[in-house]
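A quick write-up on the structure given underneath.
What follows draws every value from the coordinates through simple rules; no lab data is involved. Computed from a prediction, not measured in an experiment: that's the story for all the values here. Cβ placement follows ideal geometry from the backbone for every residue including glycine, while neighbour counts extend to all protein chains displayed.
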Amino acid sequence: MSGGLTRRADRKLIYVVRANGAVVTGNRSRWFGRNYSTDIRPGDTIVVPLELDRIRPLTFWTSVTQILYQGAIAVAAIKTFDE
């Protein structure tokens, strides 16, 4: 009742840390769905990690080709010094 999930929340990795240090994992529907039967006790902490941003494929391959291109230029430059 104090907050909620944001767009960046990783709903698959929600877990509860009990006051005694025990960790309880489960799925989103168990804690935040319409079924509120989960035993949340005083002192428990509900942890909702942020979903890490994934690299888009075009950005990834652009970076890879730039690295390969710059490596090839460096190798070509080194070969010219050997001659």
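For the pair Thr25 and Val47, label points projected 7 Å from Cα toward Cβ lie 1.1 nm apart. Under 5 Å from the amide H of Tyr15 lie the amide H atoms of Val47, each residue being 5 or more positions distant or on a separate chain, with H modelled from the backbone and absent for Pro and chain starts.
With both labels modelled 7 Å from their Cα along Cα-to-Cβ, the Ile78 to Arg8 distance reads 4.0 nm.
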